[in-house]
Amino acid sequence: MKNLVFATNNKHKLHEVRELLDGVVEVRSLEEMNLSGEIPETADTLQGNALQKALWVWERTHTDCFADDTGLEVAALGGAPGVYSARYAGEHCSFDDNINKLLAALDGNDNRKACFRTVICLVEQGVPRYFEGRVDGMILTERHGAEGFGYDPVFMPDRFAVSFAEMPLEVKNRISHRGQAVRALAEYLKTIRP
Ligand code: IMP
(Lines give C-alpha, C1' and ligand atoms only; values in the text may rest on other atoms or scores of the structure.)
Protein backbone atom coordinates (compact mmCIF):
# COMPACT_ATOMS: atom_id res chain seq x y z
CA MET A 1 0.00 0.00 0.00
CA LYS A 2 1.18 3.53 -0.73
CA ASN A 3 2.58 5.62 2.15
CA LEU A 4 1.56 9.22 2.76
CA VAL A 5 2.96 11.40 5.52
CA PHE A 6 0.33 13.40 7.40
CA ALA A 7 1.73 16.81 8.39
CA THR A 8 0.21 17.21 11.83
CA ASN A 9 1.38 17.22 15.43
CA ASN A 10 -2.22 16.71 16.61
CA LYS A 11 -2.61 13.10 17.83
CA HIS A 12 -6.43 13.29 17.74
CA LYS A 13 -6.36 14.27 14.07
CA LEU A 14 -3.84 11.55 13.26
CA HIS A 15 -6.13 8.99 14.87
CA GLU A 16 -9.25 10.32 13.05
CA VAL A 17 -7.53 10.37 9.68
CA ARG A 18 -5.96 6.91 10.08
CA GLU A 19 -9.44 5.50 10.71
CA LEU A 20 -10.74 7.21 7.59
CA LEU A 21 -7.91 6.08 5.30
CA ASP A 22 -7.70 2.56 6.68
CA GLY A 23 -7.17 0.17 3.75
CA VAL A 24 -6.54 3.01 1.27
CA VAL A 25 -3.08 4.30 2.21
CA GLU A 26 -0.60 3.83 5.06
CA VAL A 27 -0.59 7.10 7.00
CA ARG A 28 2.83 7.95 8.42
CA SER A 29 3.19 10.36 11.32
CA LEU A 30 5.85 13.05 11.60
CA GLU A 31 7.32 11.08 14.49
CA GLU A 32 7.79 8.03 12.26
CA MET A 33 9.62 10.26 9.76
CA ASN A 34 11.81 11.68 12.58
CA LEU A 35 10.43 15.14 11.91
CA SER A 36 9.92 17.44 14.86
CA GLY A 37 9.29 21.10 15.46
CA GLU A 38 6.40 23.45 14.95
CA ILE A 39 5.00 23.46 11.41
CA PRO A 40 4.43 27.03 10.24
CA GLU A 41 0.85 28.08 9.38
CA THR A 42 1.04 31.78 8.70
CA ALA A 43 -1.16 32.08 5.61
CA ASP A 44 -4.50 33.90 5.78
CA THR A 45 -6.56 31.18 4.10
CA LEU A 46 -7.23 27.52 4.93
CA GLN A 47 -5.89 26.56 1.50
CA GLY A 48 -2.71 28.59 2.03
CA ASN A 49 -2.06 27.02 5.42
CA ALA A 50 -2.72 23.47 4.18
CA LEU A 51 -0.25 24.06 1.33
CA GLN A 52 2.34 25.57 3.70
CA LYS A 53 2.12 22.62 6.09
CA ALA A 54 2.31 19.99 3.34
CA LEU A 55 5.27 21.71 1.66
CA TRP A 56 7.09 21.84 5.02
CA VAL A 57 7.08 18.02 5.00
CA TRP A 58 7.73 17.68 1.27
CA GLU A 59 10.81 19.92 1.43
CA ARG A 60 12.28 17.87 4.29
CA THR A 61 11.46 14.35 3.08
CA HIS A 62 10.60 14.41 -0.63
CA THR A 63 7.90 11.91 0.33
CA ASP A 64 4.30 12.32 -0.85
CA CYS A 65 2.32 13.90 1.96
CA PHE A 66 -0.77 15.84 2.91
CA ALA A 67 -1.88 18.41 5.46
CA ASP A 68 -5.23 19.75 6.53
CA ASP A 69 -6.32 23.10 7.83
CA THR A 70 -9.64 23.69 9.52
CA GLY A 71 -11.54 26.76 10.57
CA LEU A 72 -14.65 27.24 12.67
CA GLU A 73 -16.71 29.99 11.03
CA VAL A 74 -19.34 31.59 13.27
CA ALA A 75 -22.03 33.59 11.44
CA ALA A 76 -22.67 36.11 14.25
CA LEU A 77 -18.93 36.82 14.43
CA GLY A 78 -18.58 37.55 10.72
CA GLY A 79 -16.92 34.18 10.06
CA ALA A 80 -14.43 34.42 12.97
CA PRO A 81 -12.39 32.70 14.27
CA GLY A 82 -12.03 31.08 10.80
CA VAL A 83 -8.45 30.53 9.75
CA TYR A 84 -7.36 31.77 13.20
CA SER A 85 -9.33 29.09 15.10
CA ALA A 86 -6.27 27.49 16.74
CA ARG A 87 -5.06 30.77 18.27
CA TYR A 88 -8.41 32.49 18.80
CA ALA A 89 -7.66 33.23 22.48
CA GLY A 90 -3.99 34.10 21.81
CA GLU A 91 -0.63 32.43 21.10
CA HIS A 92 -0.15 29.14 23.03
CA CYS A 93 -3.77 29.15 24.25
CA SER A 94 -5.54 25.90 25.13
CA PHE A 95 -8.71 24.41 23.57
CA ASP A 96 -10.46 25.46 26.78
CA ASP A 97 -9.30 29.08 26.44
CA ASN A 98 -10.67 29.18 22.89
CA ILE A 99 -14.05 27.79 23.96
CA ASN A 100 -14.28 30.27 26.83
CA LYS A 101 -13.60 33.16 24.48
CA LEU A 102 -16.15 31.87 21.94
CA LEU A 103 -18.89 31.39 24.55
CA ALA A 104 -18.23 34.90 25.91
CA ALA A 105 -18.33 36.41 22.40
CA LEU A 106 -21.74 34.78 21.76
CA ASP A 107 -23.17 35.39 25.23
CA GLY A 108 -26.83 36.41 24.89
CA ASN A 109 -26.76 36.05 21.09
CA ASP A 110 -29.53 33.90 19.60
CA ASN A 111 -27.75 33.46 16.29
CA ARG A 112 -25.59 30.40 17.04
CA LYS A 113 -25.05 29.31 13.40
CA ALA A 114 -21.57 28.05 12.58
CA CYS A 115 -19.71 25.70 10.29
CA PHE A 116 -16.43 23.86 10.25
CA ARG A 117 -14.52 23.92 6.97
CA THR A 118 -11.50 21.77 6.16
CA VAL A 119 -9.11 22.03 3.25
CA ILE A 120 -6.66 19.20 2.62
CA CYS A 121 -3.61 19.74 0.46
CA LEU A 122 -2.07 16.58 -1.01
CA VAL A 123 1.46 17.03 -2.36
CA GLU A 124 2.49 14.29 -4.79
CA GLN A 125 5.87 14.60 -6.47
CA GLY A 126 5.86 18.23 -5.33
CA VAL A 127 2.51 19.01 -6.99
CA PRO A 128 -0.38 20.24 -4.78
CA ARG A 129 -4.02 19.16 -5.11
CA TYR A 130 -6.90 20.24 -2.84
CA PHE A 131 -9.91 18.50 -1.23
CA GLU A 132 -12.59 20.18 0.89
CA GLY A 133 -15.27 19.37 3.46
CA ARG A 134 -17.82 21.36 5.43
CA VAL A 135 -20.35 20.70 8.18
CA ASP A 136 -23.01 23.15 9.34
CA GLY A 137 -24.33 23.37 12.87
CA MET A 138 -24.61 25.60 15.89
CA ILE A 139 -22.60 26.70 18.90
CA LEU A 140 -24.09 25.45 22.17
CA THR A 141 -24.28 27.72 25.22
CA GLU A 142 -22.19 25.33 27.33
CA ARG A 143 -19.85 22.34 26.94
CA HIS A 144 -21.29 18.86 26.35
CA GLY A 145 -19.25 15.63 26.15
CA ALA A 146 -15.64 14.60 26.55
CA GLU A 147 -14.69 13.02 23.20
CA GLY A 148 -12.75 14.67 20.40
CA PHE A 149 -10.81 17.90 20.71
CA GLY A 150 -10.87 21.62 19.98
CA TYR A 151 -14.34 23.14 19.80
CA ASP A 152 -16.07 19.71 19.75
CA PRO A 153 -17.84 20.14 23.15
CA VAL A 154 -19.70 23.26 21.93
CA PHE A 155 -20.43 22.33 18.30
CA MET A 156 -23.69 20.54 17.50
CA PRO A 157 -24.02 19.53 13.83
CA ASP A 158 -27.37 20.08 12.07
CA ARG A 159 -29.83 17.15 12.33
CA PHE A 160 -28.17 15.92 15.56
CA ALA A 161 -29.15 16.54 19.18
CA VAL A 162 -25.65 16.03 20.59
CA SER A 163 -22.31 17.78 20.28
CA PHE A 164 -19.32 16.36 18.39
CA ALA A 165 -17.78 15.61 21.80
CA GLU A 166 -20.72 13.35 22.68
CA MET A 167 -20.37 11.21 19.55
CA PRO A 168 -18.31 8.08 18.99
CA LEU A 169 -15.48 8.80 16.54
CA GLU A 170 -17.14 6.73 13.75
CA VAL A 171 -20.21 8.98 13.86
CA LYS A 172 -18.20 12.22 13.91
CA ASN A 173 -16.06 10.97 11.03
CA ARG A 174 -19.13 10.09 8.98
CA ILE A 175 -20.42 13.67 8.96
CA SER A 176 -17.53 15.94 9.87
CA HIS A 177 -15.70 18.54 7.77
CA ARG A 178 -12.48 16.51 7.98
CA GLY A 179 -14.35 13.25 7.30
CA GLN A 180 -15.73 14.66 4.05
CA ALA A 181 -12.40 16.13 2.95
CA VAL A 182 -10.52 12.91 3.75
CA ARG A 183 -13.12 10.82 1.89
CA ALA A 184 -12.67 13.08 -1.15
CA LEU A 185 -8.90 12.48 -0.83
CA ALA A 186 -9.51 8.72 -0.51
CA GLU A 187 -11.74 8.69 -3.63
CA TYR A 188 -9.01 10.46 -5.59
CA LEU A 189 -6.34 8.05 -4.36
CA LYS A 190 -8.52 5.08 -5.29
CA THR A 191 -9.16 6.51 -8.77
CA ILE A 192 -5.53 6.96 -9.59
CA ARG A 193 -4.54 3.66 -7.94
CA PRO A 194 -7.54 1.33 -8.05
P1 IMP B 1 -6.06 23.16 12.39
O2 IMP B 1 -5.31 24.39 12.00
O3 IMP B 1 -6.57 22.40 11.27
O4 IMP B 1 -5.31 22.34 13.38
O5 IMP B 1 -7.37 23.61 13.14
C6 IMP B 1 -7.46 24.84 13.80
C7 IMP B 1 -8.24 24.70 15.07
O8 IMP B 1 -9.59 24.39 14.73
C9 IMP B 1 -7.77 23.63 16.03
O10 IMP B 1 -6.81 24.08 16.91
C11 IMP B 1 -9.04 23.30 16.77
O12 IMP B 1 -9.23 24.20 17.82
C13 IMP B 1 -10.11 23.54 15.72
N14 IMP B 1 -10.52 22.29 15.09
C15 IMP B 1 -10.00 21.69 13.99
N16 IMP B 1 -10.65 20.54 13.73
C17 IMP B 1 -11.57 20.41 14.71
C18 IMP B 1 -12.54 19.40 14.99
O19 IMP B 1 -12.71 18.38 14.30
N20 IMP B 1 -13.31 19.63 16.07
C21 IMP B 1 -13.18 20.73 16.87
N22 IMP B 1 -12.29 21.67 16.65
C23 IMP B 1 -11.48 21.51 15.58
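Couplings for region 176-186, taken from phi via the Karplus curve 6.51 cos²θ - 1.76 cosθ + 1.60 with θ = phi - 60°, read 6, 3, 5, x, 5, 5, 5, 5, 5, 4, 4 Hz in order; Gly and Pro are left as x.
If you count, for each residue, the other Cβ atoms within 10 Å and average over each peptide, how do 115-124, 100-109 line up from highest to lowest? Could the numbers behind the result be given before it?
Values: 115-124: 22.7, 100-109: 13.8.
Per-residue Cβ counts within 10 Å, averaged per peptide and sorted highest first, yield 115-124, 100-109.
Amide hydrogen proximity for Leu140: with H placed 1.01 Å from N in the peptide plane, the residues at 5 or more positions away or on another chain lying under 5 Å are Phe155, Met156. Take the Cα of His62, step 7 Å toward its Cβ, do the same at Asp136, and the gap between the two points is 4.7 nm.
Would you mind working out the accessible area per residue for the chain, using a 1.4 Å probe, and quoting it in Å²?
Numbers: 9640 Å² over 194 residues.
Using a 1.4 Å probe on heavy atoms only, each residue of the chain averages 50 Å².
Mind checking the full-extension length gain between Asp107 and Arg129? Use 0.36 nm per residue of separation minus the Cα-Cα distance, one decimal, nm.
On the way: separation 22, 0.36 × 22 = 7.92 nm, distance 3.94 nm.
Here the answer is 4.0 nm.
Leaving out ligands, DNA and RNA, and with a 1.4 Å probe, what % of the accessible surface on the chain is carbon or sulfur? If you can, show how the numbers build up before the last one.
On the way: 4620 of 9640 Å².
Here it works out to 48 percent.
For the peptides 38-46, 10-18, residues were scored by their other Cβ atoms within 10 Å and the scores averaged per peptide; the highest-first order is 10-18, 38-46.
Which listed residue (Met167, His177, His144) has the Cα farthest towards the positive end of the charge dipole for region 143-184, taking +1 on Lys and Arg C-beta and -1 on Asp and Glu C-beta about the Cα centre? In region 143-184, that residue is His177.
Take every pair of alpha-carbon atoms less than 8 Å apart whose residues are at least six positions apart; their mean separation over the length of the chain yields a relative contact order of 19 percent. When restricted to Cα atoms, the chain yields an Rg and a Dmax of 16.5, 52 Å, respectively. Across region 108-113, coupling constants 3J(HN,Hα) worked out from phi with the 6.51/-1.76/1.60 Karplus curve, θ = phi - 60°, read x, 8, 7, 7, 10, 5 Hz, and Gly and Pro carry x. Backbone phi angles across region 131-148, fed through the Karplus curve with coefficients 6.51, -1.76 and 1.60 (θ = phi - 60°), yield HN-Hα couplings of 9, 10, x, 8, 9, 9, x, 9, 8, 6, 8, 8, 6, 9, x, 10, 7, x Hz in residue order; Gly and Pro are listed as x.
A convex hull fitted around the alpha carbon atoms of region 1-92 yields 110 Å³ per residue. Let me make sure I get this right: for region 53-157, a, b and c are the square roots of the gyration tensor eigenvalues over alpha carbons, sorted descending. Under 1.5 in a/c it's rounded, otherwise prolate if a/b > b/c, else oblate. Which is it? Cα axes put region 53-157 in the prolate bin.
The values are calculated or read from the model by the stated rules, or taken from the named source; none is laboratory data. Worth saying up front: this structure is predicted, and the values here are computed from it rather than measured. FYI the Cβ positions are ideal-geometry reconstructions off the backbone, even for glycines, and counts take in every protein chain you see. Quick note on the areas: whole protein, heavy atoms, side chains included, nothing else; ligands and nucleic acids left out. Shrake-Rupley method; radii C 1.70, N 1.55, O 1.52, S 1.80 Å.
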